[in-house]
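Written out below as structure tokens is the structure these notes cover.
The values are calculated or read from the model by the stated rules, or taken from the named source; none is laboratory data. In this text, all values refer to a predicted model and were calculated from it rather than measured experimentally. We place every Cβ from the backbone using ideal geometry, glycine too, and count neighbours over all the protein chains shown. Please note that ligands, DNA and RNA were not included when accessible areas were found on the heavy atoms of the full protein model with its side chains. Shrake-Rupley method; radii C 1.70, N 1.55, O 1.52, S 1.80 Å.
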Amino acid sequence: MTRPLRIGYLPLTDAALLHVASVKGFDREEGLTFTLHRETSWANLRDKLAYGFYDAAHMLAPAVLASALGLEGFRAPMIGAAALGLDGNAVSVSPALAEAIAGDPPSSARKLAALWTAGAKPWRFAYVFPWSMHHYQLLLWLRLGGVARDAVSLTVTPPSLAPASLEAGVIDGFCAGAPWNTVSQQRGASRILFPCVALMRDCPEKVLAFPRGAAEADPDVPKAAARALRRAALWGEQNRADLPRIVAQALTPDLPESAVRPALEADWLRLDAAATGLSALQADFLLALLAFAGQATFDAASQTVAREAFWSSEQAPPAPHLLGQTYAGGPLETFPPSA
């Protein structure tokens, strides 16, 4: 007899371990049955988790901290039971803009700033949610080039809608997770400017989130789910050739394997067992990014809340890196990036 677990997810490659755990039966071997429900936006996932439509959700790691800190307009704190992977995002821009600013993150940002100085129109870039690595990665990229704040308008767009928004000319670029950068490039709507591992590496991206009250009342369920995910990751390490097929079939109808493979084969996205762990250092890093974006304050009280929102794993995950430097703790003001 297994316990059903209703899990909401977005059609992103980093939902892969949920599908592998279900397809291969690792959930049932841990006493659970994952029933997976596709959603269209992070707000939908957050709200349906908060109101009990789902038992758990594929969730942005910074959004878990924001919920714990009460930053989202209503207090519905979540906990992260396990990471669903590390990294995985990329910045895509229109082909014309890519032609003008091609380069690594520092040089492309400087070229963008030079275009603005020369009289270019303001650009519009999309990210997926206010509390997301995508938002912070865009902000860091713009900061590297000293891009004027009024040169760019930032807007929220669900990841699956970003390619169509760029095609329609509503936005000039976006930061999203796989496979949507590849999908957009294959359609000719955009070009991938750079994968975000060029900015940050080994960064917590998505987690399996539970409502805090439910997790604390029955901690065995999140722990069993975390074990199933780790087993799925170990299977993926040994069956890398089969992983894209399972992911493509599960994410969205008619998605070709060719849209899923690049992020996995180019090492833009980590789905190995070590990438399923969570740690206090990751919570500190995310809090530092929230503070960098002006959304929170990096102080002792917030640090305690942030760390409690992640259930640390027995095996610590790798430390995040920012432009090649290991994050050792503290706010980003004491850890300036070097361009």
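The table below lists the values:
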item: Residue 317, sole failed condition from (1) at pLDDT below 90; (2) under 14 Å from residue 279 (Cα atoms); result: (1)
item: Sole exception among (1) open to solvent by 30 Å² or more (accessible area, probe 1.4 Å); (2) touching a residue at least 24 places away in the same chain (Cβ under 8 Å); (3) part of a loop (DSSP other than H, G, I, E, B); (4) not basic (Lys, Arg) for residue 73, by number; result: (2)
item: Tally of residues being in a loop (DSSP other than H, G, I, E, B), within 19 Å of residue 11 (Cβ to Cβ) and among the small types (Gly, Ala, Ser) across the range 49-70; result: 0
item: Flag for residue 158 being under 21 Å from residue 61 (Cα atoms), out of contact with any Phe, Trp or Tyr (no Cβ under 8 Å at 6 or more places or on another chain) and touching a residue at least 24 places away in the same chain (Cβ under 8 Å); result: no
item: Subset of the range 116-148 (residues that are touching a Phe, Trp or Tyr at 6+ places or on another chain (Cβ under 9 Å) and over 25 Å from residue 158 (Cα atoms)); result: 116, 148
item: Set 198, 189, 214: member being open to solvent by 30 Å² or more (accessible area, probe 1.4 Å), farther than 28 Å from residue 36 by Cα and of a type in the set (A, V, I, L, M, F, W, C); result: 198
item: Residue match in the range 197-212 (condition: in contact (Cβ under 8 Å) with a residue 60 or more places away in the chain and more than 24 Å from residue 316 (Cα to Cα)); result: no
item: Test: residue 249 is within 26 Å of residue 107 (Cβ to Cβ) and assigned to a helix (DSSP H, G or I); result: no
item: Members of the range 89-107 found to be touching a Phe, Trp or Tyr at 6+ places or on another chain (Cβ under 7 Å) and either of a type outside the set (A, V, I, L, M) or assigned to a helix (DSSP H, G or I) (or both), listed by number; result: 92, 104, 105
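Okay, residues lined up against (1) out of contact with any Phe, Trp or Tyr (no Cβ under 6 Å at 6 or more places or on another chain); (2) open to solvent by less than 30 Å² (accessible area, probe 1.4 Å); (3) within 30 Å of residue 160 (Cβ to Cβ):
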| site | (1), (2), (3) |
| --- | --- |
| 240 | yes, no, yes |
| 248 | yes, yes, yes |
| 282 | yes, yes, yes |
| 292 | yes, no, yes |
| 308 | yes, no, no |
